[in-house]
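The values are calculated or read from the model by the stated rules, or taken from the named source; none is laboratory data. From a predicted model like this one, the values you see are computed outputs, not experimental measurements. Counting neighbours? That spans all protein chains shown, and the Cβs are built from the backbone with ideal geometry, glycine included.
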Amino acid sequence: MKFGVEFVPNVKYYELEYYAKLAEDSGFGYCWITDHYNNRNVYAMLTLLALKTQKMRIGAGVANPYHTHPAVVASAIATINEVSGGRAVLGIAAGDKVTLERIGVKWEKPLSRIREAVEVIRALHAGKSVSYDGKFFKLSGAKLDFNAGSIPIYIGAQGPKMLKLAAEIGDGVLINASHPKDFEVARKSIDEGLQKGKDFDVVAYASLSIDRDGGKARNAAKIVVAFIVAGSPDVIFERHGISSEDVEKVRTSLNNAFATGNWKAVNEAVTDEMVDIFSISGTPEDVIERIEKLKKVGVTQVVAGSPIGPNKAKSIKLMGKEIVTRFTN
Ligand code: F42
């Protein structure tokens with residue numbers, strides 16, 4: 001099992017640097033930085049981390065081919081690869097519809113767009129002069145004027161078609177899920193696209209919260225879980241037997257909280273069951289038990305995403321000491 005950590009660059013650069021270095025010192029092998037135009041720029045932050053870390057692989061988790069042309073993505077991540085001495089990885093996915101629409105970007109045909117983008121990026125990274133006549137991207141003799149090196153491409157995917165595509169054309173897949181049942185289902189789509197014998201990293205890009213006090217850990221995950229519940233499709237609730245009334249309570253409390261600031265009500269609306277399904281939360285023992293189950297359903301990398309714990313620094317260290325060491329030694 002490999003371990004990664006995810007950071008959202010909605011904090012000052014020196015905070016991000018501090019947590020990333022702490023993660024590296026705690027034994028995490030991957031650091032993924034999210035990409036949304038309204039946060040600090042992902043490549044600027046990755047350049048910082050390329051200079052301030054030594055061993056960890058660092059990458060965009062995830063870029064999208066809507067607001068950034070794949071040739072620009074190819075060049076940006078190749079720059080990170082050069083600065084980091086070959087430690088860059090690229091995550092790419094369809095992008096967040098709501099965020100993209102806010103800047104007037106139409107979110108159409110994500111499957112074909114991702115396929116084309118990955119083909120363009122791989123060709124440019126191979127150092128070729130690229131002429132490409134896609135539906136969305138047209139290149140005519142495009143070439144990077146520096147050596148990109150080798151950069152694995154991971155695709156962020158939840159839907160069955162995107163999972164299959166990720167298996168077909170990616171080196172790995174980043175799946176926003178925490179529960180073994182969701183990976184059992186995802187595995188079926190992955191297997192449809194995966195060539196036998198291909199080395200492929202199945203990543204649980206999970207909401208994780210760890211603390212020696214299990215109650216505190218679970219409580220810290222509740223707001224993040226509320227957002228996941230609010231954005232999940234009905235098929236997920238049906239799969240886990242969550243009632244539509246319970247989902248509605250979370251959605252209503254969340255909408256109200258934006259207007260009234262009553263986040264306590266959001267915490268109350270999130271059930272224990274939801275915390276279990278949409279996050280990996282609890283004591284080190286609870287987290288170990290869940291990771292053992294994820295391993296059984298084919299997960300090969302666990303990414304600790306928000307909130308990581310009630311005290312981020314303490315939780316990163318605890319993850320390193322009790323979890324990363326245990327699974328990687
Ligand atoms: N989004 C961001 O914007 N920034 C991030 O930093 C970010 C991180 C991230 C990490 C892991 C991860 O898994 C996702 C992450 N996301 C992030 C969200 C990501 O960008 C996607 O929004 C998310 O993964 C949802 O994608 P999906 O895999 O569910 O694919 C969507 C597009 C979907 O509906 N897929 C369907 C499927 O079955 O897979 C298929 C849809 C389909 O068939 N479309 C057709 C087509 O050709 O594309 C026709 C549609 C048409 O337009 O007519």
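Tabulated data for the structure shown
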read-out	value
Test: residue in segment 72-84 that is farther than 20 Å from THR99 by Cβ, in a loop (DSSP other than H, G, I, E, B) and of a type in the set (Gly, Ala, Ser)	yes
Given (1) modelled with pLDDT of 95 or more; (2) over 24 Å from LYS138 (Cβ atoms), number of the condition VAL72 does not satisfy	(2)
Subset of segment 100-122 that is surrounded by 15 or more Cβ atoms within 10 Å (Cβ to Cβ) and outside any helix (DSSP H, G or I) - its residue that is farthest from the ligand (Cβ to nearest atom)	VAL105
Test result for VAL299, within 18 Å of the chain's Cα centre (by Cα) and either buried (at least 21 other Cβ atoms within 10 Å of the Cβ) or under 26 Å from MET56 (Cβ atoms) (or both)	yes
Segment 172-205 - residue that is under 18 Å from VAL287 (Cβ atoms) and small (Gly, Ala, Ser) and, of those, farthest from the ligand (Cβ to nearest atom)	SER178
Hits in segment 21-53 (condition: touching a strand residue (DSSP E or B) at 6+ places or on another chain (Cβ under 6 Å), within 16 Å of the ligand (Cβ to nearest atom) and assigned to a helix (DSSP H, G or I))	VAL42, MET45, LEU46, LEU49
Residue satisfying condition, being of a type in the set (Asp, Glu) and under 22 Å from LYS295 (Cα atoms), within set ASP211, ASP246	ASP211
Residue in segment 1-32 that is surrounded by the fewest Cβ atoms within 10 Å (Cβ to Cβ), counting only those that are more than 14 Å from the chain's Cα centre (by Cα), over 30 Å from LYS293 (Cα atoms) and not charged (D, E, K, R)	TYR14
Pair list, Cβ < 7 Å and 6+ apart or interchain, from segment 146-164 residues that are closer than 18 Å to TRP32 by Cα to residues that are part of a loop (DSSP other than H, G, I, E, B) and more than 8 Å from the ligand (Cβ to nearest atom)	PRO152/ASP171; ILE153/GLY170; ILE153/ASP171; TYR154/GLY170; TYR154/ASP171; ILE155/GLY170
Tally, over segment 167-218, of residues that are crowded, with 20+ Cβ neighbours inside 10 Å, over 20 Å from the mean Cα position of the chain (by Cα) and not small (Gly, Ala, Ser)	2
